[in-house]
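First comes the structure, then the notes that go with it.
The values are calculated or read from the model by the stated rules, or taken from the named source; none is laboratory data. Since we're looking at a predicted model, the values are computed, not measured. Cβ coordinates were reconstructed from backbone atoms using ideal geometry, including for glycine residues, and neighbour counts include every protein chain displayed.
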There are 2 protein chains.
Amino acid sequence: MRGLSRFLLGFRRTKPRFHEDLDAMNLINTTQSGDTSATSAAYATLREMILSGALPAGEKLKIEHLRKILNTGASPVREALSLLTSDMLVERIDQRGFRAAPANFENFKEILGLRCALEDMALRQSITRATAEWEERVVLAHHRMKRVVNTETFEEAHKTFHMALLSNAASPVLERYCSQLYDLNIRYRNLAAGSVTYKKRDIGAEHDAILNAAIQRQEDAASDALLRHYRETGSYLTKALSNI
Amino acid sequence: MRGLSRFLLGFRRTKPRFHEDLDAMNLINTTQSGDTSATSAAYATLREMILSGALPAGEKLKIEHLRKILNTGASPVREALSLLTSDMLVERIDQRGFRAAPANFENFKEILGLRCALEDMALRQSITRATAEWEERVVLAHHRMKRVVNTETFEEAHKTFHMALLSNAASPVLERYCSQLYDLNIRYRNLAAGSVTYKKRDIGAEHDAILNAAIQRQEDAASDALLRHYRETGSYLTKALSNI
DNA sequence: GTGTCAATAAATATCGATTTTTTTAAGGAT
DNA sequence: ATCCTTAAAAAAATCGATATTTATTGACAC
C-alpha cells in the first residue's frame, strides 16, 4: 500500500519523532507495511487493478473470483468494493453485485472538463492563500518528481506534485474531488496506453511553467499553464480514445 | 427507502409499462417496497439518521450498537457504512471502525461555497442545452413541490426540483457532486434546527424566480436567482452555526 | 423461430462464531 | 503524580457456512 492511498482511505499513521518537518508537509511515506486490514489490502489492490485496466471497465466483479485472486475472504472483498464506490471506480447494483465503472468517450470528456474547472478553482484559491510552507511543499514535490527515474514511482510523484499545488486551497472537499478526477483521468490514460505518444512534448517544461507561476503567485499564469498541461494531455488522449 | 435514494445508491427499478412518459423524466417513485437487501435498508436508515442528526456529527458508529438498532447483522451494517463513505457522511479509519462525519463551521462554509460554484456551473450547462423535455421536467417538479403540504415530503420534492434544474447538464459526475453537497448542506440545516427562523422570507417566490429564469433560458438571471437562494439560506445558517 | 415456464446452476447477500486488534483498567517503578 | 508494562475487556475484522436472489438452461406450446 502506497502513500497516496492514505489520502483516499482512512489509514492510520504512526509517525516517528524525527522528520516532523517533512511529515507535516505530508510528503513522507508514513505507511507501515504489514499491519493493515485485509479490507484495506483488497481496496488498494483492486483500486490499482481498475486504474491500470487489469480489471477492464464495465467488467462484472464477482466476489468469488476476486476472493481467489486476492487470496482473502468474501467480506473484505465486498467491503473493499463498497469503498471503491466512493472513488467512482466501482458501481453497485443492489442484489446484482458490483462492476468496474464503465468507460466511454462521453465520460472521458466530462472528467477532463470538470477537472479543468475544479483544479482551476483550487489552484487559484491555493495561490490566493499562499504561504511559505505551501511554496516549499510545492517546490519539494516538484523536485522529487524531476528526480525520479522509475516510471512506477513517477506516477506517484506526479500526482503528489499536482495535489501539492492544490493543497493550500483550504478546501478538503474540493481536493477530494480533484483527487478523484485525477485518478479517473489516469485510468483513461492507461486505457489508451500504447497508442499514446508523447512525442515532441516537453512535459518537464510544462511542469516548470506551472511551478514558477505558482510560486511567483501569479494566479492567471499558473492557471493557464495548468490547464494547458491538461488540455494538451487531453487532446492526445482524445485521439486515442475516440473509438472506445 | 425513498425515491431519492435510488439516485445515490445502485438500486434496481422494476418499472410498470404505463407511466412511461413521466418515468422517463425520472419523476416517478418506482421503488418496490419489500424486496431490497438488508444492506440497502441499513444504508437508507443510517443515511437518514446522519442527515437528520439522530446520529450526531463525529459520533463513533459501533457496529454492534447499530446492528441492534437496525435489527440486522453486522455485515449489512459494515457494508452500509462503507457505502456511506461515498457521500462523505461517514469516515472510516482502518481497524478503528467508522464514525459519523464531523461537522464544523469551516466545513459548512466550504460546502456552501463549493455548492454555489458547482450548481452555478451545472445550471448554466443545463440551460445552454435546454430542451422541451427538460423544461417540462423542471416545471413538473416545481409544481409538485408547491403542492406538497407535508414537511417530510416537501424535503424530497425540494431536492427533486433543484436536481431537475441541473439534470440537463449532461454531466453525471457534476450532478453527483451537487447531490452530495446538497445533502451535506441539509445536514447543517437540520443541525441548526430550531434556531433557524425563516421569518420574512418568501421561499416560494425565490423558487418561482429560479424557475421562470430557467425556462426562459436566461442563464445569468437563473444563476443569480439560484445563488441568491443559497446565500440567503446560507446566511441564516451561518448565524445559527457560528458557534458549533 | 419465438416466447413462456419451470428446474437448475450460479452468484449475491447474510448470519453466527471466531480471530485479531484496539481500548481501557490496573499495577507497580521511578 | 507520571510513565511504562501488563492483563482484561471491548470492538473491529474476518471466516466458513447457509439462505436468498438472480441468471441460465431446456422442455414445451404456439
Selection within region B:71-117 - on the phi > 0 side of the Ramachandran plot and within 18 Å of the chain's Cα centre (by Cα): B:Met88
Can you find a residue in region A:152-160 that is of a type in the set (Lys, Arg) and surrounded by 17 or more Cβ atoms within 10 Å (Cβ to Cβ)? yes
B:Arg99 fails exactly one of (1) within 10 Å of DNA strand C (Cβ to nearest atom); (2) in a strand (DSSP E or B), namely (1)
On the given criteria, is A:Thr72 out of contact with any Ser or Thr (no Cβ under 6 Å at 6 or more places or on another chain) and either more than 22 Å from B:Arg78 (Cβ to Cβ) or more than 16 Å from DNA strand C (Cβ to nearest atom) (or both)? no
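Given the criterion among the aromatic types (Phe, Trp, Tyr) and over 30 Å from A:Asn104 (Cα atoms), identify the matching residue among B:Tyr182, B:Tyr236.
Selected residue: B:Tyr236, the only one of B:Tyr182, B:Tyr236 that is among the aromatic types (Phe, Trp, Tyr) and over 30 Å from A:Asn104 (Cα atoms).
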Among the residues of region A:75-91, which ones are at the interface with another protein chain (Cβ under 7 Å from one of its Cβ atoms) and crowded, with 23+ Cβ neighbours inside 10 Å? A:Arg78, A:Glu79, A:Ser82, A:Leu83
Could you please give the count of residues in region B:147-185 that are at negative phi, within 10 Å of chain A (Cβ to nearest Cβ) and assigned to a loop (DSSP other than H, G, I, E, B)? 2
Go through (1) at pLDDT below 95; (2) within 16 Å of DNA strand D (Cβ to nearest atom); (3) in contact with a Leu (Cβ under 6 Å, 6 or more places away or on another chain) for B:Ile28 and report which single condition fails. (2)
Would you check which residues across region B:133-147 are within 16 Å of B:Ile203 (Cβ to Cβ) and surrounded by 15 or more Cβ atoms within 10 Å (Cβ to Cβ) and list them? B:Ala141, B:His142, B:Arg144, B:Met145
Single match in A:Glu133, A:Glu106 (criterion: more than 11 Å from chain B (Cβ to nearest Cβ) and out of contact with any Leu (no Cβ under 8 Å at 6 or more places or on another chain)): A:Glu133
Just a yes or no: is a residue in region A:80-93 within 21 Å of B:Met88 (Cα to Cα), within 12 Å of DNA strand C (Cβ to nearest atom), in contact with a Lys or Arg (Cβ under 9 Å, 6 or more places away or on another chain) and among the small types (Gly, Ala, Ser)? yes
The one condition A:Met1 fails out of (1) assigned to a loop (DSSP other than H, G, I, E, B); (2) hydrophobic (A, V, I, L, M, F, W, C); (3) modelled with pLDDT of 95 or more is (3)
From B:Ile50, B:Ile111, B:Ile69, B:Ile63, residue being more than 10 Å from chain A (Cβ to nearest Cβ), of a type in the set (Val, Ile, Thr) and crowded, with 17+ Cβ neighbours inside 10 Å: B:Ile50
Given the criterion more than 15 Å from B:Pro56 (Cα to Cα), part of a loop (DSSP other than H, G, I, E, B) and among the acidic types (Asp, Glu), identify the matching residue among B:Asp87, B:Asp120. B:Asp87
